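The values are calculated or read from the model by the stated rules, or taken from the named source; none is laboratory data. Bear in mind that the values here come from a model prediction, so they are computed numbers and not experimental data. Here Cβ is always computed from backbone atoms with ideal geometry, including for glycine, and neighbour counts include all displayed protein chains. The protein model used for the area step is the full one, side chains on, heavy atoms only, and it has no ligands, DNA or RNA in it. Shrake-Rupley method; radii C 1.70, N 1.55, O 1.52, S 1.80 Å.
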Amino acid sequence: MIELISVSYGYNDSEDVISDISLTINDGEFLAIVGHNGSGKSTVAKHLNGLLLPRSGQVYVNGLLTSDEESILTIRQNVGMVFQNPDNQIVTTVVEEDVGFGPENLGIETPKIWERVDEALELVGMTEFRKRAPHMLSGGQKQRLAIAGVLAMHPSIIVFDEATAMLDPKGREDVIAIMKDLHAAGKTIVMITQHMEEVLLSDRVIVMNAGRIAMDGTPTQIFENADKLRSMGLDVPLPVAIRDKLNASGMNIPASVLTLDSLADEIEKRLSR
Ligand code: ADP
């Protein structure tokens, strides 16, 4: 669905901040991208819908080249982006108008716009707030509004660039639930996150380090290598850290155990034995 071929990019005249990134994102995949601050995650994300164009290499989205000017509108409609700060993503003064802004710009006829607005607000649980002023909403509600605005464009791929970073726990939980629902409904999800627990939502994880892809695997495979992650300034989720400590003292809990529930089950089995 998205293919990056040996992509490098640098801002202004600077050295490359991402180098030789080759990556295929498959239809229906839930891909997490992690890495310490400045490792190049956002720069990669902005290549997925042509917000940035490679200095060298190519990016294809459903067969269309992002550097091809004639394809860019189709690509932007197809790859929605949700950013960290919801305030920067709000453009009007009424919730429902904000959601309709994107489809209106696509030139869609008014009755169809309202159908999309209704559907998108419903999907993010914001229908009851449709007449409100966006600036009166909580951070989590604003972010759900931003997601609705993206959904109203009917994208097949949605990129969440640290979309939960500025939210309180409730707001985070709501946005995570929406990501799960969208993935279950068949959307392709790319999630950039600093929260290692969120990585467990994904099918596949890319670890970025110093502008390159350092690791690529399932969450189980990635978290088998806690030392390597730590060497790149990253941590493992708490249950994995506990698992590794127990295993170091001889417990032998399988690598597939990543959550507190499954860890508790494994310990209980051994205790009852
Ligand atoms: P991450 O998302 O992993 O934190 P970024 O892709 O934002 O990493 O940044 C990668 C590198 O590019 C960093 O060194 C950062 O300082 C630099 N950078 C990011 N955005 C800009 C910009 N708009 N202008 C100049 N340098 C930038």
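What stretch of the chain, leaving out the sites themselves, is the longest with no GluC sites (Glu not before Pro) in a DSSP loop having at most 10 other Cβ atoms within 10 Å? Present the calculation step by step, with values, prior to reporting the outcome.
Details: sites that count: 15, 109.
In short, 110-273.
Based on C-alpha coordinates, I'd like the Rg and Dmax of the chain, in Å.
Expressed in Å, the Cα Rg and Dmax of the chain come to 20.1, 66.
Determine the dipole magnitude for the chain: charges of +1 sit on the beta-carbon of Lys and Arg, -1 on that of Asp and Glu, nothing else is charged, the reference point is the Cα centre, and the result goes in debye to the nearest 20. Before the final figure, lay out the partial values.
Details: 24 positive and 39 negative charges, 130 e Å.
Roughly 620 debye, rounded to the nearest 20.
Pairs to check: 41/228; 142/180; 112/142. Give those whose C-alpha atoms are more than 20 Å from each other in this structure. List each step's numbers first, then the result.
Details: 41/228 18 Å; 142/180 18 Å; 112/142 23 Å.
In this structure, 112/142 exceed 20 Å between Cα atoms.
Give the lysines whose C-alpha is closer than 21 Å to that of residue 46, dropping any in the same chain fewer than 8 places away, or say none.
Within reach: 187.
Figure the gain on full extension for residue 122 and residue 15 (residue separation times 0.36 nm, minus the Cα-Cα span) and round it to one decimal in nm.
Numbers: separation 107, 0.36 × 107 = 38.52 nm, distance 4.47 nm.
Contour length minus the Cα-Cα distance gives 34.1 nm.
Given the DSSP H assignment, sum -39500 (n - 2.57) over each helix run of at least 4 residues in the chain and divide by its residue total; what's the result at 222 nm in deg cm²/dmol, nearest 500? Could the numbers behind the result be given before it?
Numbers: 11 runs with 107 residues, N = 273.
After summing the helix terms and dividing by residue count, I get -11500 deg cm²/dmol.
Please report how far the C-alpha centroid of the range 184-225 lies from that of the range 84-154, rounded to the nearest whole angstrom.
About 28 Å separates the Cα centre of the range 184-225 from the one of the range 84-154.
Along each of its three principal axes, how wide is the spread of alpha-carbon positions in the range 1-107, in whole angstrom units, largest first?
43, 31, 31
Which trypsin sites (Lys or Arg not before Pro) in the range 123-153 sit in a loop by DSSP (not H, G, I, E or B) and have at most 11 other Cβ atoms within 10 Å of their own Cβ? Can you show the working numbers first?
Numbers: sites: 130, 131, 132, 142, 144; in loops: 130, 131, 132.
The qualifying sites are 131.
Please calculate how many Å² of accessible area the chain carries per residue, with a 1.4 Å probe and no DNA, RNA or ligand atoms counted. Before the final figure, lay out each step's value.
On the way: 13100 Å² over 273 residues.
On a per-residue basis, 48 Å².
Leaving out ligands, DNA and RNA, and with a 1.4 Å probe, what % of the accessible surface on the range 74-196 is carbon or sulfur?
51 percent
With a cap of 10 neighbouring Cβ atoms within 10 Å, and only residues DSSP puts in a loop, list the trypsin sites (Lys or Arg not before Pro) found in the range 1-74.
Values: sites: 41, 46, 55; in loops: 55.
Loop-located and lightly packed - none at all.
Under a Cβ-only charge scheme (Lys and Arg +1, Asp and Glu -1), can you give me the dipole magnitude of the range 158-253 about the Cα centre, in debye to the nearest 20? Don't skip to the answer; put the middle values down first.
Working: 10 positive and 14 negative charges, 43 e Å.
Computed about the Cα centre, the dipole is about 200 debye.
May I ask you to compute the full-extension gain from residue 26 to residue 114, defined as 0.36 nm times their residue separation minus their alpha-carbon distance, rounded to one decimal in nm? Numbers along the way, then the final one.
Working: separation 88, 0.36 × 88 = 31.68 nm, distance 3.10 nm.
Fully extending the segment from residue 26 to residue 114 adds 28.6 nm.
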